[in-house]
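Worksheet: one structure, shown below.
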Amino acid sequence: MDGFDLPRRLVAEGLGTAMLVATVAGSGIMATSLTQDVGLALLGNTLATGAILVVLITILGPISGAHFNPVVSMVFAMSRSLPKRDFGGYVLAQIAGGVVGTIAAHLMFGLPLIELSGKVRAGGAQWFSEGVATFGLLAVILAGIKFEQRAVPWLVGLYITAAYWFTASTSFANPAVALARSLTNTFSGIRPVDLPGFWIAEIAGAVLALTLLTWLLQPSTSSTVSSEAKL
(Lines give C-alpha, C1' and ligand atoms only; values in the text may rest on other atoms or scores of the structure.)
Protein backbone atom coordinates (compact mmCIF):
# COMPACT_ATOMS: atom_id res chain seq x y z
CA MET A 1 0.00 0.00 0.00
CA ASP A 2 3.07 2.22 0.00
CA GLY A 3 2.60 5.36 -2.07
CA PHE A 4 -1.20 5.28 -2.26
CA ASP A 5 -3.19 7.84 -0.31
CA LEU A 6 -6.36 7.04 1.62
CA PRO A 7 -8.87 8.16 -1.08
CA ARG A 8 -7.27 5.85 -3.63
CA ARG A 9 -7.20 2.98 -1.16
CA LEU A 10 -10.87 3.48 -0.30
CA VAL A 11 -11.85 3.54 -3.97
CA ALA A 12 -9.89 0.32 -4.49
CA GLU A 13 -11.73 -1.31 -1.56
CA GLY A 14 -15.11 -0.17 -2.82
CA LEU A 15 -14.39 -1.20 -6.40
CA GLY A 16 -13.05 -4.60 -5.40
CA THR A 17 -16.00 -5.35 -3.13
CA ALA A 18 -18.44 -4.22 -5.83
CA MET A 19 -16.86 -6.50 -8.41
CA LEU A 20 -16.77 -9.39 -5.94
CA VAL A 21 -20.47 -9.05 -5.08
CA ALA A 22 -21.45 -8.54 -8.73
CA THR A 23 -19.66 -11.80 -9.49
CA VAL A 24 -21.25 -13.71 -6.61
CA ALA A 25 -24.77 -12.47 -7.34
CA GLY A 26 -24.46 -12.40 -11.11
CA SER A 27 -23.01 -15.89 -11.45
CA GLY A 28 -25.74 -17.21 -9.18
CA ILE A 29 -28.43 -15.64 -11.35
CA MET A 30 -26.78 -16.93 -14.53
CA ALA A 31 -26.37 -20.43 -13.10
CA THR A 32 -30.01 -20.79 -12.07
CA SER A 33 -31.16 -19.47 -15.44
CA LEU A 34 -29.21 -22.23 -17.20
CA THR A 35 -29.93 -25.23 -14.98
CA GLN A 36 -32.38 -26.50 -12.39
CA ASP A 37 -29.64 -28.64 -10.84
CA VAL A 38 -28.76 -26.90 -7.56
CA GLY A 39 -25.40 -28.64 -7.29
CA LEU A 40 -24.41 -27.56 -10.79
CA ALA A 41 -25.59 -24.02 -10.07
CA LEU A 42 -23.48 -23.93 -6.92
CA LEU A 43 -20.47 -25.18 -8.85
CA GLY A 44 -20.83 -22.34 -11.36
CA ASN A 45 -21.21 -19.84 -8.55
CA THR A 46 -18.15 -21.29 -6.79
CA LEU A 47 -15.80 -21.21 -9.77
CA ALA A 48 -16.69 -17.64 -10.68
CA THR A 49 -16.19 -16.42 -7.10
CA GLY A 50 -12.84 -18.17 -6.62
CA ALA A 51 -11.57 -16.89 -9.96
CA ILE A 52 -12.54 -13.26 -9.39
CA LEU A 53 -10.89 -13.25 -5.97
CA VAL A 54 -7.55 -14.20 -7.53
CA VAL A 55 -7.92 -11.40 -10.08
CA LEU A 56 -9.09 -8.70 -7.67
CA ILE A 57 -6.49 -9.41 -4.97
CA THR A 58 -3.72 -9.45 -7.56
CA ILE A 59 -4.61 -6.13 -9.20
CA LEU A 60 -5.90 -4.17 -6.19
CA GLY A 61 -3.79 -5.65 -3.40
CA PRO A 62 -0.86 -3.32 -4.10
CA ILE A 63 -3.17 -0.32 -3.72
CA SER A 64 -5.31 -1.03 -0.64
CA GLY A 65 -4.31 -4.49 0.57
CA ALA A 66 -7.42 -5.93 -1.13
CA HIS A 67 -9.35 -6.62 2.06
CA PHE A 68 -12.89 -6.31 0.58
CA ASN A 69 -14.06 -7.56 3.97
CA PRO A 70 -14.67 -5.74 7.29
CA VAL A 71 -13.33 -8.59 9.43
CA VAL A 72 -10.12 -8.71 7.40
CA SER A 73 -9.71 -4.97 7.94
CA MET A 74 -10.57 -5.45 11.63
CA VAL A 75 -7.84 -8.08 12.06
CA PHE A 76 -5.27 -5.91 10.26
CA ALA A 77 -6.24 -2.93 12.42
CA MET A 78 -5.92 -5.06 15.57
CA SER A 79 -2.50 -6.27 14.45
CA ARG A 80 -1.50 -2.70 13.47
CA SER A 81 -1.01 -3.58 9.82
CA LEU A 82 -3.78 -1.08 9.02
CA PRO A 83 -3.85 2.31 10.77
CA LYS A 84 -6.84 2.31 13.11
CA ARG A 85 -7.85 5.73 11.84
CA ASP A 86 -8.41 4.16 8.40
CA PHE A 87 -10.52 1.24 9.62
CA GLY A 88 -13.89 3.02 9.54
CA GLY A 89 -13.30 4.30 6.02
CA TYR A 90 -12.40 0.82 4.80
CA VAL A 91 -15.58 -0.67 6.23
CA LEU A 92 -17.81 2.04 4.77
CA ALA A 93 -16.15 1.64 1.36
CA GLN A 94 -16.65 -2.13 1.50
CA ILE A 95 -20.32 -1.83 2.46
CA ALA A 96 -21.01 0.79 -0.22
CA GLY A 97 -19.15 -1.29 -2.80
CA GLY A 98 -21.13 -4.39 -1.89
CA VAL A 99 -24.46 -2.59 -2.38
CA VAL A 100 -23.28 -1.23 -5.73
CA GLY A 101 -22.25 -4.75 -6.73
CA THR A 102 -25.73 -6.11 -6.01
CA ILE A 103 -27.35 -3.31 -7.99
CA ALA A 104 -24.96 -3.90 -10.90
CA ALA A 105 -25.80 -7.62 -10.97
CA HIS A 106 -29.52 -6.84 -10.98
CA LEU A 107 -29.12 -4.32 -13.79
CA MET A 108 -27.23 -6.85 -15.91
CA PHE A 109 -30.06 -9.37 -15.59
CA GLY A 110 -33.01 -6.96 -15.76
CA LEU A 111 -34.07 -7.36 -12.13
CA PRO A 112 -35.27 -4.69 -9.66
CA LEU A 113 -32.33 -2.67 -8.35
CA ILE A 114 -32.92 -3.84 -4.78
CA GLU A 115 -34.97 -6.84 -3.74
CA LEU A 116 -34.77 -8.12 -0.16
CA SER A 117 -33.90 -11.79 0.01
CA GLY A 118 -36.28 -14.37 1.36
CA LYS A 119 -33.69 -17.16 1.45
CA VAL A 120 -33.47 -18.67 4.94
CA ARG A 121 -29.95 -19.12 6.30
CA ALA A 122 -30.27 -19.60 10.05
CA GLY A 123 -29.51 -22.04 12.83
CA GLY A 124 -26.55 -23.31 14.79
CA ALA A 125 -25.03 -25.28 11.91
CA GLN A 126 -25.07 -22.21 9.65
CA TRP A 127 -23.53 -19.96 12.31
CA PHE A 128 -20.86 -22.48 13.23
CA SER A 129 -20.07 -22.89 9.54
CA GLU A 130 -19.57 -19.14 9.21
CA GLY A 131 -17.25 -19.13 12.18
CA VAL A 132 -15.22 -21.96 10.67
CA ALA A 133 -15.21 -20.35 7.21
CA THR A 134 -14.02 -17.00 8.53
CA PHE A 135 -11.44 -18.56 10.82
CA GLY A 136 -10.03 -20.47 7.86
CA LEU A 137 -10.00 -17.42 5.60
CA LEU A 138 -8.05 -15.32 8.11
CA ALA A 139 -5.69 -18.19 8.87
CA VAL A 140 -4.94 -18.52 5.15
CA ILE A 141 -4.36 -14.78 4.78
CA LEU A 142 -2.14 -14.41 7.86
CA ALA A 143 -0.05 -17.50 7.18
CA GLY A 144 0.13 -16.67 3.50
CA ILE A 145 1.47 -13.19 4.19
CA LYS A 146 4.03 -14.68 6.58
CA PHE A 147 5.35 -17.43 4.33
CA GLU A 148 4.34 -16.84 0.69
CA GLN A 149 2.97 -13.34 0.20
CA ARG A 150 2.94 -13.48 -3.60
CA ALA A 151 0.71 -16.56 -3.48
CA VAL A 152 -1.99 -14.93 -1.31
CA PRO A 153 -4.39 -14.20 -4.21
CA TRP A 154 -4.34 -17.86 -5.22
CA LEU A 155 -4.50 -19.08 -1.63
CA VAL A 156 -7.60 -17.00 -0.91
CA GLY A 157 -9.29 -17.88 -4.19
CA LEU A 158 -8.65 -21.59 -3.72
CA TYR A 159 -9.70 -21.51 -0.06
CA ILE A 160 -13.04 -19.86 -0.83
CA THR A 161 -13.60 -22.29 -3.70
CA ALA A 162 -13.15 -25.16 -1.27
CA ALA A 163 -15.09 -23.52 1.57
CA TYR A 164 -18.16 -23.09 -0.65
CA TRP A 165 -18.41 -26.87 -0.53
CA PHE A 166 -17.23 -27.93 2.91
CA THR A 167 -19.30 -25.43 4.92
CA ALA A 168 -23.07 -25.61 5.36
CA SER A 169 -23.33 -21.84 4.87
CA THR A 170 -21.36 -21.84 1.58
CA SER A 171 -18.77 -19.63 3.25
CA PHE A 172 -19.90 -16.00 3.20
CA ALA A 173 -17.04 -15.15 5.63
CA ASN A 174 -17.61 -11.44 5.00
CA PRO A 175 -20.08 -9.10 6.76
CA ALA A 176 -20.15 -6.55 3.91
CA VAL A 177 -20.80 -9.22 1.28
CA ALA A 178 -23.45 -10.81 3.51
CA LEU A 179 -25.22 -7.45 3.79
CA ALA A 180 -25.06 -6.96 0.02
CA ARG A 181 -26.43 -10.46 -0.54
CA SER A 182 -29.43 -9.67 1.65
CA LEU A 183 -30.47 -7.21 -1.06
CA THR A 184 -30.86 -9.86 -3.78
CA ASN A 185 -33.72 -12.35 -3.76
CA THR A 186 -31.78 -14.76 -5.94
CA PHE A 187 -29.62 -17.89 -5.59
CA SER A 188 -26.94 -16.18 -3.48
CA GLY A 189 -29.27 -14.28 -1.16
CA ILE A 190 -29.76 -14.30 2.60
CA ARG A 191 -32.70 -12.96 4.60
CA PRO A 192 -31.88 -9.65 6.33
CA VAL A 193 -33.12 -11.11 9.62
CA ASP A 194 -30.44 -13.80 9.41
CA LEU A 195 -27.55 -11.33 9.12
CA PRO A 196 -26.79 -10.74 12.84
CA GLY A 197 -26.06 -14.43 13.46
CA PHE A 198 -23.70 -14.49 10.49
CA TRP A 199 -21.95 -11.28 11.55
CA ILE A 200 -21.36 -12.48 15.11
CA ALA A 201 -19.98 -15.80 13.87
CA GLU A 202 -17.72 -14.08 11.33
CA ILE A 203 -16.28 -11.68 13.90
CA ALA A 204 -15.73 -14.51 16.38
CA GLY A 205 -13.98 -16.65 13.75
CA ALA A 206 -11.72 -13.77 12.73
CA VAL A 207 -10.71 -12.92 16.31
CA LEU A 208 -9.99 -16.58 17.05
CA ALA A 209 -7.83 -16.82 13.92
CA LEU A 210 -5.85 -13.72 14.89
CA THR A 211 -5.32 -15.03 18.41
CA LEU A 212 -4.18 -18.49 17.35
CA LEU A 213 -2.10 -17.42 14.32
CA THR A 214 -0.32 -14.69 16.30
CA TRP A 215 0.99 -17.43 18.58
CA LEU A 216 1.45 -20.08 15.89
CA LEU A 217 3.48 -17.90 13.54
CA GLN A 218 5.81 -16.58 16.23
CA PRO A 219 8.99 -18.68 16.52
CA SER A 220 9.83 -19.64 20.09
CA THR A 221 12.79 -17.92 21.77
CA SER A 222 14.53 -21.25 22.38
CA SER A 223 14.27 -22.19 18.70
CA THR A 224 15.67 -18.85 17.64
CA VAL A 225 18.60 -19.10 20.05
CA SER A 226 19.29 -22.69 18.94
CA SER A 227 19.34 -21.67 15.28
CA GLU A 228 21.69 -18.78 15.97
CA ALA A 229 24.01 -21.10 17.95
CA LYS A 230 24.27 -23.49 15.01
CA LEU A 231 25.29 -20.62 12.75
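The values are calculated or read from the model by the stated rules, or taken from the named source; none is laboratory data. Everything numeric here is computed off the predicted structure, so don't read it as measured data. Counting neighbours? That spans all protein chains shown, and the Cβs are built from the backbone with ideal geometry, glycine included. Remember, those area values only see protein heavy atoms, side chains included, never the ligands or the DNA or RNA. Shrake-Rupley method; radii C 1.70, N 1.55, O 1.52, S 1.80 Å.
The simple Förster model, with R0 at 45 Å and r as the Cβ-Cβ distance, assigns Val193 and Arg150 a FRET efficiency of 0.65. Arg8 contributes about 140 Å² of solvent-accessible surface, heavy atoms of the protein only, 1.4 Å probe. The residues of the chain present an accessible area of 48 Å² per residue when probed at 1.4 Å with all protein chains retained. The alpha carbons of the range 1-81 stretch over 47, 22, 16 Å along the principal axes, in descending order.
Just how many % of Cα pairs in the chain lie over 34 Å apart, if you round to the nearest whole percent? Pairs farther apart than 34 Å: 14 percent.
Evaluate E = 1/(1 + (r/R0)^6) for Phe109 and Ile59, where r is the Cβ-Cβ distance and R0 equals 35 Å; express this FRET efficiency to the nearest 0.05. So the FRET efficiency works out to roughly 0.90.
Here the range 67-110 exposes an accessible surface that is 68 percent carbon and sulfur, computed with a 1.4 Å probe and the other protein chains kept in place.
If you add up the charges near Phe4, with Lys and Arg at +1 and Asp and Glu at -1, over every other residue whose beta carbon is less than 14 angstrom from its beta carbon, what do you get? Let's see the in-between values first.
Working: positive: Arg8, Arg9; negative: Asp2, Asp5, Glu13, Asp86.
With Lys, Arg at +1 and Asp, Glu at -1, the neighbours total -2.
The slack in the chain from Val11 to Thr35, taken as 0.36 nm per residue of separation less the alpha-carbon distance, amounts to 5.1 nm.
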